Amino acid sequence: MMVKKPNSLNTPLLLNIAVVGHTNTGKTSLIRTMLRSTEFGIIEDAAGTTRHVEQATISANNEPILNLYDTPGLEDSRALFAQIKKLQARSKLSPPIQILEQFVTDISVSDPLEQEAKVIRQVLRSDILLYIIDVREPFLEKYRLELEILTQSGKPIIPVFNFIAGHDQELTKWRQHLTAFHMHATLEFDTVAFTFDAEKRLYQKMQTLLESHYDRLQKLIDYRATLWNQLCLSGAKRIAELIANVACYRESKATKNNLIADSLIENRLHDFVRKAEQHCLHDLLAIFNFSEKDVEIQNIPVSNGQWQLDIFAPGILKTYGLDVGSAAAKGAAAGVGIDLMVGGMSLGAASALGAIAGAGWSTFKRYGDEIKATVKGTKWQCADETTLQVLYLRQKHLLKKLMHRGHAAQDTLQVDKADDEKLPNDWSKLISTLRQNPSWQEHSATRNGNPQYQQIETRLIGELLDEK
Ligand SMILES: Nc1nc2c(ncn2[C@@H]2O[C@H](COP(=O)(O)OP(=O)(O)O)[C@@H](O)[C@H]2O)c(=O)[nH]1
Ligand SMILES: [Mg+2]
């Protein structure tokens, strides 16, 4: 005969986690960061912003795994402790947990300890407690009493150190005090400066303390890891897309000096670059679940320098099938190479025709428009090197900040400089290849399937996610 186990697989047990601690230690902040959402609860410097127990569920692949309970702060731990001692004195033989149960049953609505009772009630209903500590505070009597009360529940407790940045000494002291409560499995989790690693370690700590939830927590860890990698990859991909979008942008332009026409083209280019970046910013924020108000960004300083697309630039010669060794390439580049690079279109139609002669019909067919345009005297206006560099470096900087920003952060993210970000060492090559392929500006099956494009995209993504 089949014996049906209690808690069969169809009714999976959700892990209930109570987030407890003194007021303003960052309980609500921790939950926001764990949920990756700025929407949960209210965060404020003022005491007592969280007055009721609030719940949030974390799932893996739509399967709920755990409930987080945000609790009001334990404001008057002294009075609470005294009350519990009083109950204990009355019924000496009751186990400690029963005293707590009795305390929450007895409490009346208007009792001054009503808020504390809400916390204890949630503690008793939970499988594990996250005890949030503001390490900047010394280990005061009130914290010792809080811990006495919480340990009385018999629930496993993970102390979580918050506000750790720049407080190493205080952190060491807290660790020492906690050992007196047999609490060694502590965690450093800065809710404002996020790392995925800390999130993972939090779940791993729960695994060691709650063997029966091990597999489901592992499922969650794996799911969150995949999700996190996807987020970062999507972010980097989006930036690569922006770089392609702008680097491939070009406008044809008459050679005849026409200041008005030129400045209109220049304006259009600036406009295009600004919009492209703004669009990318919007997408990056959405990917990491932040809102526009989280970021302050200056208008992109599009430089005054212009970059003239020169079909005689060395890299371009090669894609035109003109090896440096070939006669036509020599004819075009030798002696005037510098002039071509610095002075733009000084060589003119004659060399273009020379190049065509060396390149052959197939090259002409492929690049015919550009060559013909050159012959006719048209040039292209493209985003200049500096603009592209600024675009790249700034998004790289932004991506890194978003990857390390907890959803509890209240300050505005400044993205106006990125001095310590580096360009890929083959940057110029990547950009010049993109420029030579204006059809890669928008994504298309042809572009995305092109091995050369894929290589550039992979390079850019690799560099963007490289945190060294
Ligand atoms: N710098 C810093 N501020 C934090 C951190 N965690 C929370 N805060 C701030 O501390 C204050 C109280 O946070 P809150 O989450 O409301 O605390 P709760 O009362 O325990 O829920 C808010 O101003 C938060 O922005 C942290 O890790 N670093
Ligand atoms: Mg709160």
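Here are a few things to note about the model shown:
- The residues on offer are Q122, Q152, Q102, and the sole one that is touching a residue at least 12 places away in the same chain (Cβ under 8 Å), farther than 14 Å from L30 by Cβ, within 16 Å of ligand 1 (Cβ to nearest atom) and not β-branched (V, I, T) is Q122.
- Taken over the stretch 264-293, residues that are within 18 Å of C232 (Cα to Cα) and open to solvent by 30 Å² or more (accessible area, probe 1.4 Å) amount to 7.
- Among the conditions (1) open to solvent by 50 Å² or more (accessible area, probe 1.4 Å); (2) more than 30 Å from K219 (Cα to Cα); (3) assigned to a helix (DSSP H, G or I), N24 misses just one, which is (3).
- A count restricted to the stretch 163-184 and to residues that are in a helix (DSSP H, G or I) and of a type outside the set (S, T, Y) stands at 10.
- A193 being within 16 Å of ligand 1 (Cβ to nearest atom) and either open to solvent by less than 30 Å² (accessible area, probe 1.4 Å) or assigned by TED's automatic domain parsing to the domain that holds Q88 (or both): yes
- Annotation note: of I107, I132, I128, I97, the sole residue that is touching a residue at least 60 places away in the same chain (Cβ under 8 Å) and either away from ligand 1 (no atom under 16 Å from the Cβ) or surrounded by fewer than 17 Cβ atoms within 10 Å (Cβ to Cβ) (or both) is I128.
- Of all residue pairs spaced 6 or more apart or on separate chains, those with beta-carbon atoms under 9 Å, a first member in the stretch 19-35 that is closer than 20 Å to I149 by Cα and a second member that is within 9 Å of ligand 2 (Cβ to nearest atom) and part of a helix (DSSP H, G or I) are V19/K27; V19/T28; V19/I31; V20/K27; G21/K27.
- Flag if G154 is on the phi > 0 side of the Ramachandran plot and more than 29 Å from the chain's Cα centre (by Cα): yes
- Test: residue in the stretch 380-396 that is in contact with a Leu (Cβ under 8 Å, 6 or more places away or on another chain), under 14 Å from L285 (Cα atoms), at pLDDT 85 or above and surrounded by 16 or more Cβ atoms within 10 Å (Cβ to Cβ): yes
- Residue list for the stretch 1-31, filter: at pLDDT 90 or above and of a type in the set (D, E, K, R): K27
The values are calculated or read from the model by the stated rules, or taken from the named source; none is laboratory data. None of the values given here were measured: they were computed from a predicted structure. Glycine also receives a Cβ, built like all others from the backbone with ideal geometry; neighbour counts cover every protein chain displayed. Ligands, DNA and RNA are excluded from the accessible area calculation, which covers all protein heavy atoms including side chains. Shrake-Rupley method; radii C 1.70, N 1.55, O 1.52, S 1.80 Å.
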